[in-house]
1. Do the conditions hold for residue 87, that is, is it among the aliphatic types (A, V, I, L, M) and open to solvent by less than 50 Å² (accessible area, probe 1.4 Å)?
2. Specify the residue that is least open to solvent (accessible area, probe 1.4 Å); the eligible residues are those in the range 130-161 that are among the hydrophobic types (A, V, I, L, M, F, W, C) and more than 30 Å from residue 28 (Cβ to Cβ).
3. Suppose we filter 62, 92, 101 for residues that are more than 14 Å from the chain's Cα centre (by Cα), of a type outside the set (S, T, N, Q), part of a loop (DSSP other than H, G, I, E, B) and on the phi > 0 side of the Ramachandran plot; which single one remains?
4. Restricting attention to the range 52-84, which residues are under 19 Å from residue 153 (Cβ atoms) and surrounded by 14 or more Cβ atoms within 10 Å (Cβ to Cβ)?
Amino acid sequence: MSTTTPNPQPPLAGLDLTSFTFTRRCWVDTTPDSVYRLISDVSLIETWSPSASEVSYAPGDGPWVSSWFSGRNRRDGREWVTHSEVVRADPGSAFAFVVGGADHGIVRWDWHFREQGRGSIVQQSWRLLRTDPVLGDTREDVLSLRDHMADSTESTLLALAEWIAGDHTH
């Protein structure tokens, strides 16, 4: 008599992803068109982000839908490279990409820009699309990642606003 064990479910199978998202906003002293140009030039993200560096488009790609870029990320003394696909590129309005690509992505980042007074409101959102072992094995691991990314986003937006205020947009 042989006993078979059913294939175990991945530890995070069935996890409700509804709470694994956030949005942060800030005001910057420049136009939506100018902010879009800064954000869609992904090589500049290391100027403001505390956790990303060496970001660049693949050869021949740029700030348009279906383009790919890669970047080095840091967290808790670890470093890794991600590959992302641009899924929205609306000059002066919105820019979005999915880490891992549109078809099999793990995380979606959205940027939205709208005029407010003499400047713009910049909104940055993060949304977990699916779990993956690279993110951790427990709900607490994924919550910790979300909270870390929210803190990083706040730092990025503040640094962007300060950089723009220092008249680095021209």
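The values are calculated or read from the model by the stated rules, or taken from the named source; none is laboratory data. Keep in mind the model is a prediction, meaning the values are calculated, not measured. Using ideal geometry, Cβ is built from the backbone for each residue, glycine included, and neighbour counts are taken over all protein chains shown. Side chains are part of the model used for accessible areas, which takes the heavy atoms of the whole protein and leaves out ligands, DNA and RNA. Shrake-Rupley method; radii C 1.70, N 1.55, O 1.52, S 1.80 Å.
1. Working: among the aliphatic types (A, V, I, L, M): yes; open to solvent by less than 50 Å² (accessible area, probe 1.4 Å): yes.
Criteria met by residue 87.
2. So, considering only residues that are among the hydrophobic types (A, V, I, L, M, F, W, C) and more than 30 Å from residue 28 (Cβ to Cβ), the one least open to solvent (accessible area, probe 1.4 Å) is 142.
3. Details: 62 fails: on the phi > 0 side of the Ramachandran plot; 101 fails: more than 14 Å from the chain's Cα centre (by Cα).
On inspection, the qualifying residue turns out to be 92.
4. Within the range 52-84, 52, 53, 55, 69, 71, 72, 73, 74, 75, 82, 84 qualify.
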